[in-house]
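In what follows, a single structure is set out as structure tokens and then discussed.
The values are calculated or read from the model by the stated rules, or taken from the named source; none is laboratory data. What you see is a predicted model; the values in this text were computed from it and never measured. Here the Cβ positions follow ideal geometry from the backbone for every residue, glycine too, while neighbour counts run over all protein chains shown.
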Amino acid sequence: MFKKITLKDAKGNDIDVEFLANAATPLRYKSIFKADLLTSFANARSENPDGTVSYNIDFLPELSFIMAMQAKAADNKDVKLEKLSNNEFMDWLEGLDSFTIEENSEEILSVYYGNTDTTSEAKKNSDKQSEK
């Protein structure tokens, strides 16, 4: 899924950042950050002793970086995704406002989750298929 989201740069100015999620996103995440994205998602939700639920989305800046670089590579063939490093991630992150990713977390996560939504339609009613 592709989406353009308005974030804030380090000076507080609005910037449009393109994000792209696809089947390679979890693999690129693991390749660069040496962590399993699906495990990060699984461990994000926890129930507190008082019964409330909390979410740990510490992995969101890394996921945002991967999806932003995938979008950039789709537009610019000179961007080499296999050459991305933790240093490039830090440079990208330093260009953003401290809280802009958190403030836009729902929209950013919708890009990744949107990639997992199916676009195919269900087959005809199974009752009709069993009739001959």
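Some observations on this one:
- Residue match in the stretch 102-115 (condition: over 27 Å from residue 12 (Cβ atoms), surrounded by 15 or more Cβ atoms within 10 Å (Cβ to Cβ) and modelled with pLDDT under 95): yes
- Count of the stretch 25-53 residues which are of a type in the set (Ser, Thr, Tyr) and under 14 Å from residue 112 (Cβ atoms): 3
- Residue match in the stretch 68-85 (condition: in contact with a Phe, Trp or Tyr (Cβ under 7 Å, 6 or more places away or on another chain) and among the aliphatic types (A, V, I, L, M)): yes
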